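Trainee: Encoded as structure tokens, here's the structure I'll be asking about.
The values are calculated or read from the model by the stated rules, or taken from the named source; none is laboratory data. Being a predicted model, the structure only gives us computed values, none of them experimental. As a convention, Cβ positions derive from the backbone with ideal geometry for all residues, glycine included, and neighbour counts pool all protein chains shown. The protein model used for the area step is the full one, side chains on, heavy atoms only, and it has no ligands, DNA or RNA in it. Shrake-Rupley method; radii C 1.70, N 1.55, O 1.52, S 1.80 Å.
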Amino acid sequence: MLSFEENELLSRVGPGTPMGELMRRFWQPILLSEEVPERDGAPVRVRLLGEDLVAFRDSNGNVGMVDYYCPHRRASLFFGRNEEAGLRCVYHGWKFDIAGDCVDMPSEPAESNFKDKVKIKAYPTVEAGDCIFVYMGPPEVQPAFPHLEWTRVPSSHRLVMRWIQDSNYMQTIEGDLDTSHVSFLHRWFDPNNRPRGVGRRIKNGKDMTVIDGSPKLIVQETDYGFIYGSRRNIGDGEYYWRCTQFILPAYNLIPSPTWPTTGHAWIPIDDDHTSVFSFTYDPHEPISESQAEMRRATTMEMERVHHKTMDGHIIDGWHDIRRMDNGFLIDRDLQRTFNYTGIPFGRSQDEAMTDSMGRIVDRTREHLGTSDTAIIFARRQLLRMARELQEGVEPVAVQDPAAFNVRAVDVVNTTSDFKELLATDGHLAKGTA
């Protein structure tokens with residue numbers, strides 16, 4: 001349980017907020033590259049950390065990320081003309097390049113130097129992992145791009161999807177840090193009915209996460225965030241270990257018994273919405289079309305939308321067709337006979353739970369147990385780092401980009417000790433790409 005003040009500090013990410021300032025110290029994915037595919041193509045409306053932006057790919061193929069509003073009369077640059085290496089406001093023709101410099105001001109006299117005095121807010125971008133990343137922090141502390149393994153494998157070895165979720169970023173992170181819910185929320189009564197794209201370990205015909213629904217959690221802090229092990233006793237002197245990685249500021253790597261494996265980035269659009277990046281990758285071989293289709297088919301049913309935020313602003317992206325306003329299309333017959341929830345897709349199941357808490361959950365009314373150990377640790381870590389930044393202490397995590405090159409671990413082992421497990425199988429947690 002958090003106090004009201006702690007919950008506010010943890011949840012609020014807009015400009016000037018302690019958590020928002022911490023988030024701005026990291027590179028953040030903001031769009032899929034396919035969302036801005038063409039040089040001189042249509043601009044895309046985005047919002048990140050409470051700031052409204054427009055993305056465009058210029059004539060040289062570089063991606064610009066600039067303020068949504070023209071600095072002249074505050075008209076929207078979404079309507080702008082993307083031409084000749086810049087985005088031109090259609091109101092009075094002011095044109096800006098990806099660095100934010102005004103390169104043309106045809107509404108002013110030719111001899112005027114006014115355009116040299118006007119600049120639009122612009123952020124640096126990097127394309128990696130079929131995504132567009134942006135850095136929104138102070139230029140003087142801009143870090144090197146992190147060595148995230150999923151961004152470093154060939155594109156043929158990777159599938160990335162993105163959608164908008166209607167709840168605060170921290171609720172979505174906590175869903176991935178909650179390993180015990182897998183034993184219940186994602187349970188299929190007959191393992192043979194489980195979607196083929198969902199990998200689980202089976203022993204004596206039973207899902208190992210169901211054999212022991214009360215795992216013991218152990219957390220170990222790292223330079224990049226933390227790793228936690230969930231230990232399930234599956235009998236015969238064996239333990240099923242699912243070791244989840246939390247990578248700062250908002251990534252989870254999900255344990256899987258086989259390749260390809262999956263992770264998520266939970267990127268705050270604003271206080272009430274999250275941009276979810278789901279990446280599936282295999283460092284050893286390409287992902288086949290059948291594997292990609294299976295992954296898409298077992299994630300959720302999505303539709304392309306022009307999403308209206310709580311304050312009425314429009315952002316572009318995808319959204320689950322199952323939402324709170326249609327009860328996530330819950331099927332009570334399915335719930336009685338096939339699975340625990342009556343919702344057929346794993347991500348929709350998670351989304352139903354986190355969105356049902358409200359846009360920002362009231363953590364003052366929680367009653368946390370031992371299964372919430374990793375969630376408690378993540379909250380404390382982020383709160384500590386946000387407070388330290390307010391005191392002038394920059395986050396250490398961004399200083400070593402190679403530290404981010406890690407994996408989740410999913411193993412059956414006879415050891416009951418987490419430190420011993422990492423000592424013997426810790427190499428499994430290191431990425432190679």
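Trainee: Ranking request for peptides 372-380, 159-167: highest mean number of other beta-carbon atoms within 10 Å first, then the rest in descending order.
Mentor: Details: 372-380: 19.9, 159-167: 21.4.
Going from most to least packed, we get 159-167, 372-380.
Trainee: Still on this model: 5 Å is the cut-off here: which amide hydrogens, built 1.01 Å from N in the peptide plane, fall below it relative to Gly225, excluding neighbours closer than 5 in sequence?
Mentor: Result for Gly225 returns Leu248.
Trainee: Still on this model: Place a +1 charge on the Cβ of each Lys and Arg in the chain and a -1 charge on the Cβ of each Asp and Glu, then give the dipole magnitude about the Cα centre in debye, rounded to the nearest 20.
Mentor: Result for the chain is approximately 700 debye, rounded to the nearest 20.
Trainee: Something else about it: Using only alpha carbon positions, build the gyration tensor of segment 84-215, then give the equivalent ellipsoid semi-axes as the square roots of 5 times its eigenvalues, largest first, whole angstrom. Mind showing how you got there, number by number?
Mentor: Details: eigenvalues 530, 49, 47 Å².
Over the Cα atoms of segment 84-215, the ellipsoid semi-axes are 51, 16, 15 Å.
Trainee: What ranking, highest mean first, results for peptides 206-215, 392-401 when packing means the other Cβ atoms within 10 Å averaged over each residue?
Mentor: Numbers: 206-215: 17.6, 392-401: 15.1.
The densest-packed peptide leads the list: 206-215, 392-401.
Trainee: Follow-up. How much of the calculated P(r) for the chain lies past 30 Å, in percent of all Cα pairs?
Mentor: Working: 42253 of 93528 pairs.
Distances greater than 30 Å cover 45 percent of the Cα pairs.
Trainee: Let me ask another. Tally up the carbon and sulfur contribution to the accessible surface of the chain as a whole percent, 1.4 Å probe, everything protein left in place.
Mentor: Working: 8990 of 18380 Å².
Carbon with sulfur: 49 percent of the solvent-accessible area.
Trainee: Hey, with R₀ at 51 Å, roughly what FRET efficiency would Tyr340 and Lys117 work out to, going by the Cβ-Cβ distance, to 0.05?
Mentor: Working: r = 62 Å, r/R0 = 1.21.
After rounding, the FRET efficiency stands at 0.25.
Trainee: Could you work out the mean projected area of the convex hull around the alpha carbons of segment 255-308, in square nanometres to one decimal? The partial results should precede the final answer.
Mentor: Working: hull surface 20.6 nm².
Averaged projected hull area, Cα only: 5.2 nm².
Trainee: Report, for segment 42-183, the % of DSSP beta bridges that are antiparallel, rounded to 5. If you can, show how the numbers build up before the last one.
Mentor: Numbers: 24 of 24 bridges.
Taking every DSSP beta bridge with both residues in segment 42-183, the antiparallel ones total about 100 percent.
Trainee: While we're looking at this one, here's another question. Picking from Gly229, Gly263, Gly369, which is most flexible by a Gaussian network model of the chain using Cα springs under 10 Å?
Mentor: It is Gly369.
Trainee: Between beta-carbons, use under 14 Å as the cut-off and find the net charge around Tyr281, counting Lys and Arg +1, Asp and Glu -1.
Mentor: Values: positive: Arg152, Arg158, Arg295, Arg407; negative: Asp130, Glu149, Asp282, Glu285.
Around Tyr281, the surrounding residues sum to 0.
Trainee: From the Cα gyration tensor of segment 192-295, with a ≥ b ≥ c the square roots of its eigenvalues, which class applies: rounded if a/c is under 1.5, or else prolate if a/b is larger than b/c, or else oblate?
Mentor: Working: a/c = 1.90, a/b = 1.19, b/c = 1.60.
Cα axes put segment 192-295 in the oblate bin.
Trainee: Would you calculate the volume per residue, in Å³, of the smallest convex hull containing every Cα atom of segment 24-144? If you can, show how the numbers build up before the last one.
Mentor: On the way: hull volume 12.3 nm³, N = 121.
Cα convex hull per residue, to the nearest whole number: 101 Å³.
Trainee: Please give the length that would be gained between Asp311 and Arg296 if that part of the chain were fully extended, namely 0.36 nm times their separation in residues minus their C-alpha to C-alpha distance (nm, one decimal). Please report the intermediate quantities before stating the final value.
Mentor: Numbers: separation 15, 0.36 × 15 = 5.40 nm, distance 3.10 nm.
So the chain would gain 2.3 nm between Asp311 and Arg296.
Trainee: Something else: Which value, in debye to the nearest 20, describes the size of the charge dipole of segment 240-348 about its Cα centre when Lys and Arg Cβ atoms bear +1, Asp and Glu Cβ atoms bear -1, and nothing else is charged?
Mentor: Numbers: 10 positive and 15 negative charges, 74 e Å.
Here segment 240-348 has a charge dipole of around 360 debye.
Trainee: Could you provide, to the nearest whole Å², the per residue accessible area of segment 113-155 with probe 1.4 Å?
Mentor: Working: 2030 Å² over 43 residues.
Heavy-atom SASA per residue in segment 113-155 reads 47 Å².
Trainee: Express the accessible area of segment 312-433 per residue in Å², computed with a 1.4 Å probe while the remaining protein chains stay in the model.
Mentor: Working: 6040 Å² over 122 residues.
Averaged over the residues of segment 312-433, the accessible area is 49 Å².
Trainee: With every protein chain kept in place and ligands, DNA and RNA left out, what is the accessible area per residue of segment 219-311? Probe 1.4 Å, answer in Å². Kindly include the intermediate steps, with their values, before the conclusion.
Mentor: Values: 3340 Å² over 93 residues.
On a per-residue basis, 36 Å².
Trainee: Shifting gears a bit: So what are segment 280-369's ellipsoid semi-axes, whole angstrom, largest first, if each one is the square root of 5 times an eigenvalue of the alpha-carbon gyration tensor? Walk me through the numbers before you get to the answer.
Mentor: Values: eigenvalues 136, 87, 52 Å².
One finds semi-axes of 26, 21, 16 Å for segment 280-369.
Trainee: What is the magnitude of the charge dipole of segment 107-238 about its Cα centre, with +1 placed on the Cβ of each Lys and Arg, -1 on the Cβ of each Asp and Glu, and no other charges, expressed in debye to the nearest 20?
Mentor: Around 540 debye, computed over segment 107-238.
Trainee: List, in order, the whole-Hz ³J(HN,Hα) value for each residue of segment 136-141 obtained from phi through the Karplus relation with A = 6.51, B = -1.76, C = 1.60 and θ = phi - 60°; use x for Gly and Pro.
Mentor: 10, x, x, x, 5, 10
Trainee: If you don't mind, there's one more thing I want to ask. Can you find, among Ala250, Leu334, Pro154, the residue sitting farthest towards the positive end of the charge dipole of the chain, where Lys and Arg contribute +1 and Asp and Glu -1 at Cβ?
Mentor: Farthest along the dipole direction, towards plus: Leu334.
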